[in-house]
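Notes for the one structure printed next.
The values are calculated or read from the model by the stated rules, or taken from the named source; none is laboratory data. Predicted model, so just to flag it, every value in this text is computed and none were measured. For neighbour counting, all protein chains shown are included, and Cβ atoms are generated from backbone atoms with ideal geometry for every residue, glycine included. These area figures cover heavy atoms from the full protein model, side chains too; ligands, DNA and RNA do not enter into them. Shrake-Rupley method; radii C 1.70, N 1.55, O 1.52, S 1.80 Å.
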Amino acid sequence: MAKEKDIIEFDDTEAIKFIMNQLTDEERTRITEDDVQYVLDLINDYYDDQNFYEDESEVVEEAEVAEDDMLQYIMAAIKSDKDFNLSEEDVASILDGEFGYGLEIGIYAEE
């Protein structure tokens, strides 16, 4: 019998903690946990738009993410939302933290 693959869960609460700890003190004066959650939601929307989900809950086994495209997608969403005002640099820092969290839990791999 084949061994079932371990399911890796992305925990938003843990991800937010991880990302906030990766930000500089100056960035933490501008970026809130709500901002980070919003960007995480936009990342999920981007993955959905790019068909990175096999079904409603499973992410495809392997996919290559165009980081510049993701950043532009997120920035366009932020510019159209009057409740959030993050700079491209702040979003890039959040994305770096999200990638670091993903590496730590094993959902991403370094190229």
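Cβ-Cβ distances below 9 Å connect the following pairs, each with a first residue in segment 82-111 that is within 16 Å of Thr29 (Cα to Cα), a second residue that is outside any helix (DSSP H, G or I) and open to solvent by 30 Å² or more (accessible area, probe 1.4 Å), and a separation of six or more residues or different chains: Ser93/Thr24. In segment 57-74, the count of residues that are touching a Leu at 6+ places or on another chain (Cβ under 9 Å), open to solvent by 100 Å² or more (accessible area, probe 1.4 Å), at pLDDT below 95 and not basic (Lys, Arg) is one or more.
Could you tell me which residue of segment 34-56 is modelled with the lowest pLDDT, considering only residues that are under 13 Å from the mean Cα position of the chain (by Cα) and charged (D, E, K, R)? Selected residue: Asp48. Give the residues of segment 28-48 that are outside any helix (DSSP H, G or I) and touching a residue at least 12 places away in the same chain (Cβ under 8 Å), sorted by residue number. Ile31, the sole residue that qualifies.
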